[in-house]
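Everything on this sheet refers to the single structure shown next.
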Ligand SMILES: Nc1ncnc2c1ncn2[C@@H]1O[C@H](COP(=O)(O)OP(=O)(O)OP(=O)(O)O)[C@@H](O)[C@H]1O
Ligand SMILES: [Mg+2]
Ligand SMILES: [Zn+2]
């Protein structure tokens with residue numbers, strides 16, 4: 001026999017497609033030809049596979065080898081095809097009867113010595129195999145735990161090409177995925193640690209309940225970073241679909257923690273202000289790496305010292321934040337990753353950053369405007385909640401009486417408010433107040449009575465509030481009503497919303 005076929009999976013963005021690796025061995029000048037839109041890594045695969053086969057004690061067929069990856073139109077990235085190619089070559093040369101691998105998807109990169117190395121993206125690859133109805137997958141031993149998260153498919157692992165060959169030839173069992181009990185995800189830092197900052201805590205709770213972007217402005221040491229890091233602790237757990245999506249993105253980035261379980265907590269990403277554009281939005285050769293904005297999908301993207309990020313970086317985040325998706329340019333077409341994230345910005349109000357706040361500021365008014373102005377165009381405009389934190393007072397920091405509310409208490413209120421909003425907007429297909437279009441809220445039956453919006457309309461007419469700002473205040477008012485258990489926002493809710501939007505009255 002001089003022909004063999006082995007199944008693999010190629011990823012395009014988040015979507016896995018089953019790929020057939022065909023090997024045809026013909027007499028003629030020895031050599032290897034690969035067809036089917038391979039990227040550079042696939043050409044390198046030829047050399048890795050040859051070395052791995054020889055160093056595993058197998059014979060490399062001295063014939064003309066044609067490898068074809070189908071469907072040819074599907075772009076193929078990365079090194080996960082190595083193992084399937086190796087087995088197809090051995091099958092085609094008649095060395096290995098491939099019957100045991102029928103209906104089995106084979107994934108893995110080969111080292112020159114024949115070890116099977118872990119690859120990025122195994123979780124969505126195995127999910128694709130399961131969805132296509134294949135009963136068994138073989139994955140690198142280093143990816144076994146993550147692959148086993150996918151139900152409905154038997155996962156077996158190989159640490160070397162030799163082990164896979166022994167399985168195919170003699171039925172020597174492959175490795176089973178580790179079955180150690182899944183450990184609970186470590187709870188992050190807790191809101192109970194934050195003293196004072198009544199306005200900041202309320203802003204965080206409102207942002208969590210409505211899914212609003214949040215900006216925390218204030219002097220150094222006021223607790224901006226502390227508060228932001230605690231946002232995930234008051235957000236609800238991810239549902240099954242979201243958890244799978246988030247875990248798949250982290251799998252593609254090669255960033256899954258060991259242990260193999262779905263990520264259930266909303267992710268938290270805090271890229272440094274020196275982060276490159278690809279680190280923020282994704283990129284790189286081979287299988288594109290999701291950037292911070294995608295790793296924060298269905299979680300929180302925290303830009304600490306936001307005014308220090310480069311203009312290019314802030315600009316690059318604009319589109320993904322608007323669309324909830326990010327397009328990563330590739331040599332063959334482009335890849336898309338989801339990027340629906342809640343943005344938190346923290347910044348000092350000015351470059352001199354005095355701990356005691358604005359009173360001691362030495363900056364010129366122009367320098368102050370410029371500093372935050374860098375944020376305002378691209379990002380700050382989309383942020384519903386913008387508050388200024390005062391410096392922490394000794395009495396607050398040192399108070400030993402009643403401790404601050406814990407994250408669990410706040411999370412319970414947030415969950416309740418989110419339920420109310422999801423019920424109300426059920427017909428729109430949206431769940432969070434932040435997702436509801438402004439015009440929708442300005443029309444009956446949702447428009448609010450004139451007596452409650454008088455102040456808002458006054459600000460609109462005097463130019464101190466933009467039309468977009470108007471809509472944002474209304475959205476916030478709905479979230480405040482949800483948190484406080486009112487069916488509709490009243491005048492008081494709107495007044496608080498104005499405060500959370502403009503940072504007034506802190
Ligand atoms: N409200 C607070 N309650 C308790 N501790 C606080 C509070 N604010 C600040 N701290 C203490 O000060 C440290 C610094 O706080 P944090 O990093 O959150 O400040 P920041 O506002 O982000 O400052 P910077 O502008 O310098 O980044 C914290 O680790 C904590 O120990
Ligand atoms: Mg900080
Ligand atoms: Zn200053």
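Neighbour counts of C-beta atoms inside 10 Å place 423, 381 in the sequence 423, 381, starting with the fewest.
Would you please classify the overall shape of region 233-297 from the alpha carbon gyration tensor, given that a ≥ b ≥ c denote the square roots of the eigenvalues, rounded means a/c under 1.5, and beyond that prolate means a/b larger than b/c while oblate covers the rest? Oblate, since a/c reaches 1.5 and b/c is not below a/b.
Most simply put, region 1-147 has about 65% antiparallel DSSP beta bridges, counting only bridges with both residues inside it. Against the empirical curve 2.2 N^0.38 Å, the C-alpha radius of gyration of region 3-170 lands at a ratio of 0.93. Extents of region 327-449, taken as max minus min of Cα coordinates on every principal axis and listed largest first, are 51, 50, 37 Å.
The simple spin-label model puts a point 7 Å past each Cα toward its Cβ; for residue 102 and residue 193 those points are separated by 5.8 nm. Directionally averaged projected area (region 397-506, Cα convex hull): 8.4 nm². Reported value for region 191-395: 126 Å³ per residue, from the convex hull of its C-alpha atoms. Were the residues from residue 241 through residue 311 laid out at 0.36 nm apart, the gain over their Cα-Cα distance would be 21.7 nm. If the segment from residue 394 to residue 455 were pulled out straight at 0.36 nm per residue, it would be longer than the present Cα-Cα gap by 18.4 nm. Each semi-axis of the equivalent ellipsoid for the chain is √(5λ) with λ an eigenvalue of the Cα gyration tensor; in descending order they amount to 53, 22, 21 Å.
Dividing the summed -39500 (n - 2.57) terms of all DSSP H runs of n ≥ 4 by the residue count of the chain sets its mean residue ellipticity at 222 nm at -10500 deg cm²/dmol. When 354, 224, 311 are arranged by Cβ crowding within 10 Å, least crowded first, meaning fewest neighbours, the order is 311, 354, 224. The value given for region 122-258 is a Kirkwood hydrodynamic radius of 18.4 Å, derived from the mean inverse Cα-Cα separation. Sorting 364, 104, 409, 73 from the fewest to the most surrounding beta carbons within 10 angstrom yields 73, 364, 409, 104. Here the simple spin-label model places points 7 Å from the Cα toward Cβ, and for residue 364 and residue 47 these points are separated by 5.8 nm.
All of the numbers you see were taken from the coordinates with simple rules; none came from a lab. Everything numeric in this text was worked out from a predicted model, so none of it was measured. Virtual Cβ from ideal backbone geometry, glycine too; neighbours counted across all protein chains shown.
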